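Every number here is computed from the coordinates shown, using simple stated rules; none is lab data. Note that this is a predicted model, so its numbers are computed, not measured. Don't worry about glycine lacking a Cβ; one is built from the backbone with ideal geometry, like all the others, and counts go over all protein chains shown.
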Amino acid sequence: MTLRAIAPSPTLLQLSGETAAGEPILSVVVKRTYRVGPKGALDPDTEQIPLCAAEIDPQRQNLLVRDADVYPLKPLTDIVVAGHAYAPGKRGSFTAELRAGAVHKSLLVTGERRVTLSGGRAVFSDPAPADKVPLSCDQAYGGRDAFAEKRHGVPWSALQPYLPENMDVRAHSPYLYSRNPSGRGYVIEPVSDSVEDLLLPSLEDPTDPLTPDRLFVGSPLAWPDMPLPWYLGWQSHAAFPRIGYTGAIRPFQRPSREGGQFPEVTRGLAPAGFPKIGPAREVFDDRFWNGASLGLATGPLGPEIDKVAFSLVSLHPTLREWGFSLPKSTPRIQVDGRKGALLDTTPVIATILIEPDHDRVSVVWRGTAPAKRRYALEELLGMPLLVDWP
């Protein structure tokens, strides 16, 4: 049986946008939510989750709770895991993994640790036993050096009285880690006050963890030399490298290793020549719309998705290993071609959101075609479209 939709709904919408080159496009995005059965079989959930807008933590401007489903264009497929890493027994550290075909990402998960100074050198405590750790960026390396900020001040704090009530100049402090302003463990100077209440990252790259001899950055400009934040949740729009695709970047000095190249480039996590700094109209890259964490924007994936096996280790509340494959169910998507015509598209997946805590997977498909111009929302809601689900 084929399910047919010809009008917008909470899980289906036609969008107007343009490419980085300024070419107008029309896209149809359609979301389907699946329940994962005991043996990894997927069936459409009785509750279909609507398309959503981006949600920012109201207490922390730099923390993206979830990204939007309604971007007209994403050049890659975002794979995001929202949930927790679960320890196999009471351990101070363990490894969690996500595999999706050729994509593989491992996390070193560590219980709470503290830092002390001994003879001017940092000492890490043994980790406390970990039970479960959220997979979001606030558990990864990064954050704010609050002591250095208090000691030196935020240069533009005098502007605060003139800004909107919900805008905090501290969100642009030079003492924030550009790659992950919401993380933990970032400290500039070897001062006892700066490490007194410092929390170390609970999620790290097993191949590049934070070590005591690397704890102190030394200068707010030296952040490119610090570890990459390693997590499975959403990446903030304001975090590097995502913000770098707009041509914006916080002040920095070139990395001291890899010939001055950013590690995102040398590790294949960003394109050669990145970042390109300049006006957005000249250097903007559509990869800005991808919100997955480093290494999890891939593809784009499309009709062959049923051949991609998803495997998660230590990421499910009751199963050490948990996995699934998406069904062979590629929608046919057509957008408005004007004058009563519909244009075929090549459907691709924009987002795969995996929620092991709920045995749930949500998939957003997108079909895109050239448009004659940009359209207002009021026009879009009345324009024809077609989605056929086999």
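Structure notes:
- Taking only the alpha carbons of the stretch 225-377, we obtain Rg and Dmax values of 19.1, 59 Å in that order.
- DSSP bridge orientation in the stretch 108-290 - percent antiparallel, rounded to nearest 5: 65 percent
- Three-way shape call for the stretch 324-390 based on the alpha-carbon gyration tensor, with the a/c threshold at 1.5: prolate
- Global form of the stretch 11-115, assessed from the alpha-carbon gyration tensor, a/c cut-off 1.5: prolate
- Residue-averaged 222 nm ellipticity for the chain, from DSSP H runs of 4+ at -39500 (n - 2.57), nearest 500: -1000 deg cm²/dmol
- Shown for 172, 104: other C-beta atoms within 10 Å of each C-beta, ranked fewest to most, produce the order 104, 172.
- Within the chain, antiparallel bridges make up roughly 90 percent of the DSSP beta bridges whose residues both belong there.
- At full extension, residue 274 and residue 321 could sit 13.3 nm farther apart than now, given 0.36 nm per residue minus the alpha carbon distance.
- Listed candidates (1) 230, 48, 43; (2) 63, 50, 41; (3) 75, 50, 42 - label of the one calculated as Cα extents along the principal axes in Å: (3)
- Length-normalised contact order for the stretch 108-290 - Cα pairs under 8 Å, 6+ apart - percent: 23 percent
- Nearby lysines by direct alpha-carbon distance to residue 74 (threshold 30 angstrom, same-chain neighbours under 8 apart not counted): 31, 105, 276, 307, 328, 339, 372
- Around residue 121: net Lys/Arg minus Asp/Glu count, Cβ-Cβ under 14 Å: -1
- The stretch 252-374 - percent relative contact order, Cα under 8 Å, separation 6 or more: 15 percent
- Each residue, residue 102 and residue 306, gets one label point 7 Å from its Cα in the Cβ direction; the gap between the two is 2.2 nm.
- Global form of the stretch 1-47, assessed from the alpha-carbon gyration tensor, a/c cut-off 1.5: prolate
- Take every pair of alpha-carbon atoms less than 8 Å apart whose residues are at least six positions apart; their mean separation over the length of the stretch 1-158 yields a relative contact order of 14 percent.
- What you get for the chain, charging only the Cβ of Lys and Arg (+1) and of Asp and Glu (-1), is a dipole of about 540 debye around the Cα centre.
- Gained length - residue 258 relative to residue 197, 0.36 nm times residue gap less alpha-carbon distance: 18.6 nm
- Interatomic Cα distance distribution for the stretch 108-290, bins of 10 angstrom, percent: 9, 34, 37, 17, 3, 0
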